[in-house]
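Scroll down for the structure; my scribbles are underneath it.
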Amino acid sequence: MMKTVPSRRGLRTLVDATGEHLDEALVLVFPSGQSFTGEEVVELHLHGSIAVVSAVLRLLGDMPELRPAEAGEFTRRALDNGRLDLAQVEGLADLIDAETEGQRRQALRVLSGDLGTLAEGWRHKLLRAAALLEATIDFVDEDVPVDVRPEVIELLSTVQTELAREASGVVFAERLRHGFEVAIVGAPNAGKSTLLNRLAGREAAITSEIAGTTRDVIEVKMDLSGIPVTILDTAGLRETDDVVEGIGVQRAKDRAEKADVRVYLQLPDDTVSIDLSTDDILLRAKSDLHTGSGDGISGISGDGVDQLISDLSGILSSRVATVGVAMRERHRLAMEKSLGFLKFAQNAMESGVFMEDLVAEDIRTATRAIDSLVGRIDVEDVLGEIFSSFCIGK
């Protein structure tokens, strides 16, 4: 119990049923509509010792009308009460899990409602397009534009362009959430593990002069300019009769192929044995021992390491720059579904031979897909758009 109940906020003494002093707590009272969940809430800000928190929770738990909150219950209540949309809930989860500055910024964009704002704009345009078609069907004798095709096609085209741009950034947004992968590859004894240890600042991988020391993929997580990156040290690429080493080589090839960027360390007598893409980096291995043309690197001396970090940061930053506010595969699938139906609708209208009710249904389906981004499904608003836009039914 508390000695007094504050009207809004205040420092209060908490006591148990016998009057024993438990703690001095800051008590905050949130009226309905002003709390995180939108409900009436009382918060007790306690001194954080285990004993104090346990004592207060035990007394609260003994009250028949109270129970502990379930995992995620406050956020679920905020969703149910319209304080957050579904995308914002996902943004909150990402913010809690954020480990780098880039992840924090991206999660805050979603939590602040940027995706919901985009979805609302698309939804409004599609409702307008559907309303124009509905008007030509149901209200042909009223004051309605005779040819609605140009405006409808323009609306559909605009939404498709914006949806496609946002959907294309989801792949890199997912990488930003979970981390990009950079694979260090090359022949055995090319200095891959030594470079990994240099980048990690610790002995993450065993190094030796014996070729084939690394048999499995070793992972080290790093923060490059606020971007989460997992550096992969892989087995040396070569033909081998050793069964275990052969498994490691195959794993190295598989992980290197799936990685976002490959850093290939090339020895003087080595021929690059994997396909490198535009963003991949080819370096002269063990530059402290081998001179030659091209950029060199050495995990022993540190030569070229700062440049490698700078190059990787630039490559990954350019990819992150294409990220919008849609961050999850669920978002991409919803947008792709909407795009598919909008293409059907636009192609039909551009053909000049179409049925308005079928095109309108495609647009409604596309709108429902967009609504699923934020967890809202509502098709009745089309009627509101019709009456507000055309003043029908005076």
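The values are calculated or read from the model by the stated rules, or taken from the named source; none is laboratory data. Remember, predicted model here, so these are calculated numbers, not experimental data. For neighbour counting, all protein chains shown are included, and Cβ atoms are generated from backbone atoms with ideal geometry for every residue, glycine included.
Tabulated results
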| quantity | calculated |
| --- | --- |
| Residue match in region 271-278 (condition: within 22 Å of residue 197 (Cα to Cα), not in a helix (DSSP H, G or I) and not hydrophobic (A, V, I, L, M, F, W, C)) | no |
| Residue within region 129-136 that is modelled with pLDDT under 85 and out of contact with any Ser or Thr (no Cβ under 9 Å at 6 or more places or on another chain) present | yes |
| Residues (free of Cβ contacts under 8 Å to residues at least 24 places away in the same chain, of a type outside the set (Lys, Arg) and in a loop (DSSP other than H, G, I, E, B)) located in region 47-75 | 48, 49, 62, 63, 64, 65, 66, 68, 69, 70, 71, 72 |
| Residue among 27, 41 that is more than 29 Å from residue 330 (Cα to Cα), touching a Gly at 6+ places or on another chain (Cβ under 8 Å) and crowded, with 16+ Cβ neighbours inside 10 Å | 27 |
| Residue check, residue 265 of a type in the set (A, V, I, L, M), closer than 14 Å to residue 191 by Cβ and in a strand (DSSP E or B) | yes |
| Only one of 58, 67 that is surrounded by fewer than 12 Cβ atoms within 10 Å (Cβ to Cβ) and more than 30 Å from residue 374 (Cα to Cα) | 58 |
| Candidate set: region 237-262, residues that are at pLDDT below 75 and assigned to a loop (DSSP other than H, G, I, E, B); chosen: the one surrounded by the most Cβ atoms within 10 Å (Cβ to Cβ) | 237 |
| Some residue of region 13-26 being touching a Lys or Arg at 6+ places or on another chain (Cβ under 7 Å) and charged (D, E, K, R) | no |
| Verdict on residue 123 being assigned to a helix (DSSP H, G or I), surrounded by 15 or more Cβ atoms within 10 Å (Cβ to Cβ) and either modelled with pLDDT of 80 or more or out of contact with any Gly (no Cβ under 6 Å at 6 or more places or on another chain) (or both) | yes |
| Those helices (runs of 4 or more DSSP H) lying entirely in region 326-394 with at least 1 residues modelled with pLDDT of 90 or more and within 25 Å of the chain's Cα centre (by Cα) | 329-351, 356-374 |
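Every residue, every condition in (1) surrounded by 16 or more Cβ atoms within 10 Å (Cβ to Cβ); (2) within 18 Å of residue 116 (Cβ to Cβ); (3) of a type in the set (A, V, I, L, M); (4) modelled with pLDDT of 85 or more, yes or no:
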{"site": "22", "(1), (2), (3), (4)": "yes, no, yes, yes"}
{"site": "31", "(1), (2), (3), (4)": "no, no, no, yes"}
{"site": "35", "(1), (2), (3), (4)": "yes, no, no, yes"}
{"site": "72", "(1), (2), (3), (4)": "no, no, no, no"}
{"site": "88", "(1), (2), (3), (4)": "yes, yes, no, yes"}
